[in-house]
Amino acid sequence: MKLLNRTLHFLLIAATLSSLLLLLASHSRAQSDITGFWVFRVPTGDGNFRESFFDLKQDGDKVSGKSVQGTREVPFTDGTFHDGKLHFVISFTFGNPPQTRTVTYDGSLEGDKFDFTSQAQGRDPVKGTLEHSRPPARLPLPDLHDVPDNMLARTPPMGWNSWNKFAGKVDDATVRAIADGMVASGMKKAGYIYVNIDDTWEGPRDANGNITSNTKFPDMKALADYVHSKGLKIGIYSSPGPKTCAGYEGSYGHEQQDANTYAAWGFDYLKYDWCSASRIYKDEEEQAVYQKMGDALLKTGRPIVFSLCQYGVNNVWTWGGKVGGNLWRTTGDISDNWRSMERIGFRQFDISPYIKVGHWNDPDMLEIGNGGMTNDEYRTHMSLWSLLAAPLLSGNDVRSMADETKVILTNSEVIAVDQDPDGKPVKLLSAPDSLPTVVSRPLHNGYTAVGLFNRTDQIQTMTVSWSSLGITGRKPSVRDLWAHSDLSASSEGFSAPVPIHGVVLIRVK
């Protein structure tokens, strides 16, 4: 009987302790302070994780903070954390014209991390884990100096980029097929040489810190060799920050190591996208940050075109060439619609004088053929980019182009304006706020290209006077570069009807 009483006594104590521990665990779970820096890790299906970062601050059951992703810091104030459940909502604004997307985040605390889900409007939920992280440590920056000219891109680069059409779905097979398509479609013959892989190719770093590609790209050297076998060149993408815009591995702290890897793989072009570097460095430090990679690329001994992508912040056109840049983005991302293309393209005139041979303003990639604009609008797109001496990087699926798309992209007379060897800037001839817009650009051997752009919603008869071009005493020859025909003109100037959102592009001498 004593033994039974003693056993019951111990069982009662054990049950009491168990209940107490559960109560303490529940209390701890409910009261855990989640203030700090967190990373939302989502499996991408290619052996990698996409990462989004959040800076959280808890005050009782209330949670405030911000999303820190790439160049964007988006605050939220309606978050809650109670009984191990975390909830908050963020509205992201993106695109041009601006669009807003609301994303709801929910998670349950399991140990020291959350089972976490994001749910965007109209999209399937995305599941992953929310884990404690730390902001990356700031590394010292070099003193400024001028990186020697790599003597590449003596005319604006021409080629193709994967992002506009394929985004995160790009893979080895797609790149090979695009290289085939560049040849078969006549794009290569027209001058489109670079086949550029944008974000989401990156894998983790190996034990020695070397960047690897993910499972979508099993052998980067073999891929580069294949593209080269077609008489084309190949480009790659990274960021000076710890993570790329899509949340993959960046080059932060590994600049020379990554440059050496790209060179060993056989790459010819690097797009270097600011993204998460904004969490570490200020805008005014961008020149030193980009200089690190400019020096690193030069030290590889391989000719690699250096494309800066930091959206025109901090007047990049004044220093982009000093860091070894061959081209630099002057704007945010383009979208496949008239409003976006018009807003970007017709705001480039003031900075046009900063271009010179080997160093180009980049108003972003071509959307021609992606379906969001009319063919007249796409001809405007192609004509304006050519007058701006902008890089011509198509963003469509070149394997299945409509005939009209192919005609627009491969017009040799328009391309010749873009590729003019003198590299002189465009000049705005009409009033800055005029929607019928007239621009000119001096070309090699005394020619001048003139664009008559109708940005209104009605057909316009537009005119350019010869005196505005400095032509006096003789009626010049005139050629329509879209019609491929010589035209007659008066002794005073040239006039032509221009379709809605369309262009007449002429060359005069």
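The values are calculated or read from the model by the stated rules, or taken from the named source; none is laboratory data. Model, not experiment: these values are computed from the prediction. A quick note on method: Cβ atoms are made from the backbone with ideal geometry, for glycine too, and the neighbour counts reach across all protein chains shown.
One residue is enough: does the stretch 359-375 have a residue meeting the conditions part of a helix (DSSP H, G or I) and aromatic (Phe, Trp, Tyr)? So far as the stretch 359-375 goes, no, none of its residues is part of a helix (DSSP H, G or I) and aromatic (Phe, Trp, Tyr). Out of 142, 148, one residue alone is within 22 Å of residue 243 (Cα to Cα) and in contact (Cβ under 8 Å) with a residue 40 or more places away in the chain. It is 142.
Which of the residues spanning the stretch 105-160 are of a type in the set (Val, Ile, Thr) and either modelled with pLDDT under 95 or more than 21 Å from residue 55 (Cβ to Cβ) (or both)?
126, 147, 155
Set side by side, the residues 114, 88 differ, and just one is touching a Ser or Thr at 6+ places or on another chain (Cβ under 7 Å) and of a type in the set (A, V, I, L, M, F, W, C), which is 114. Restricting the search to strands (runs of 3 or more DSSP E) fully inside the stretch 76-142 and requiring at least 2 residues that are of a type in the set (Ser, Thr, Tyr) and touching a Lys or Arg at 6+ places or on another chain (Cβ under 9 Å) gives 85-94, 113-120. Might you let me know whether the stretch 250-272 holds any residue that is part of a strand (DSSP E or B), among the aliphatic types (A, V, I, L, M), crowded, with 18+ Cβ neighbours inside 10 Å and touching a strand residue (DSSP E or B) at 6+ places or on another chain (Cβ under 8 Å)? Yes: one or more hits. The residues in the stretch 466-491 that are assigned to a loop (DSSP other than H, G, I, E, B) and in contact with a strand residue (DSSP E or B) (Cβ under 8 Å, 6 or more places away or on another chain) can be counted, and the count is 8. Scanning the stretch 387-414 for residues that are within 23 Å of the chain's Cα centre (by Cα), over 16 Å from residue 181 (Cβ atoms) and assigned to a helix (DSSP H, G or I) yields a single hit, 387.
When the stretch 159-186 is filtered for residues that are surrounded by 16 or more Cβ atoms within 10 Å (Cβ to Cβ), in contact with a helix residue (DSSP H, G or I) (Cβ under 7 Å, 6 or more places away or on another chain) and of a type in the set (A, V, I, L, M), the ones remaining, listed by number, are 175, 178, 179, 182.
Is it the case, given these coordinates, that residue 19 is among the small types (Gly, Ala, Ser) and either modelled with pLDDT of 70 or more or closer than 30 Å to residue 136 by Cβ (or both)? No; evaluated as a whole, the condition is false for this residue. From the list 108, 91, 67, the one residue that fits, being under 30 Å from residue 239 (Cα atoms), in contact (Cβ under 8 Å) with a residue 12 or more places away in the chain, surrounded by fewer than 19 Cβ atoms within 10 Å (Cβ to Cβ) and not charged (D, E, K, R), is 91. Screening the stretch 201-241 for residues that are in a loop (DSSP other than H, G, I, E, B) and of a type in the set (A, V, I, L, M) and picking the one that is nearest to residue 167 (Cα to Cα) gives 232.
Looking at the stretch 94-103, is at least one residue at pLDDT 90 or above, outside the structural domain of residue 283 (by TED's automatic domain parsing) and farther than 13 Å from residue 38 by Cα? Among the residues of the stretch 94-103, at least one is at pLDDT 90 or above, outside the structural domain of residue 283 (by TED's automatic domain parsing) and farther than 13 Å from residue 38 by Cα, which makes the answer yes. Does the stretch 163-182 contain any residue that is outside any helix (DSSP H, G or I), among the small types (Gly, Ala, Ser) and in the same structural domain as residue 274 (by TED's automatic domain parsing)? No, that holds for no residue. Is at least one residue of the stretch 408-419 charged (D, E, K, R), in the same structural domain as residue 326 (by TED's automatic domain parsing) and touching a helix residue (DSSP H, G or I) at 6+ places or on another chain (Cβ under 8 Å)? The answer is yes, given that some residue of the stretch 408-419 is charged (D, E, K, R), in the same structural domain as residue 326 (by TED's automatic domain parsing) and touching a helix residue (DSSP H, G or I) at 6+ places or on another chain (Cβ under 8 Å). State the number of residues belonging to the stretch 423-469 that are free of Cβ contacts under 8 Å to residues at least 60 places away in the same chain, crowded, with 18+ Cβ neighbours inside 10 Å and β-branched (Val, Ile, Thr). Number satisfying all stated conditions: 3. Determine whether the stretch 204-227 contains at least one residue that is surrounded by fewer than 19 Cβ atoms within 10 Å (Cβ to Cβ), touching a helix residue (DSSP H, G or I) at 6+ places or on another chain (Cβ under 7 Å) and either in contact (Cβ under 8 Å) with a residue 60 or more places away in the chain or small (Gly, Ala, Ser) (or both). Yes, because at least one residue in the stretch 204-227 is surrounded by fewer than 19 Cβ atoms within 10 Å (Cβ to Cβ), touching a helix residue (DSSP H, G or I) at 6+ places or on another chain (Cβ under 7 Å) and either in contact (Cβ under 8 Å) with a residue 60 or more places away in the chain or small (Gly, Ala, Ser) (or both). Residues that are hydrophobic (A, V, I, L, M, F, W, C), farther than 30 Å from residue 507 by Cβ and in the same structural domain as residue 398 (by TED's automatic domain parsing) are absent from the stretch 327-347 altogether. Go through the residues of the stretch 286-306 one by one and say whether even a single one is assigned to a loop (DSSP other than H, G, I, E, B), in contact with a strand residue (DSSP E or B) (Cβ under 9 Å, 6 or more places away or on another chain) and modelled with pLDDT of 95 or more. Looking for residues that are assigned to a loop (DSSP other than H, G, I, E, B), in contact with a strand residue (DSSP E or B) (Cβ under 9 Å, 6 or more places away or on another chain) and modelled with pLDDT of 95 or more, one finds at least one in the stretch 286-306, hence yes. May I ask you to verify whether residue 374 is in the same structural domain as residue 327 (by TED's automatic domain parsing) and either touching a residue at least 24 places away in the same chain (Cβ under 8 Å) or touching an Asp or Glu at 6+ places or on another chain (Cβ under 7 Å) (or both)? Judged against the criteria, residue 374 is a match.
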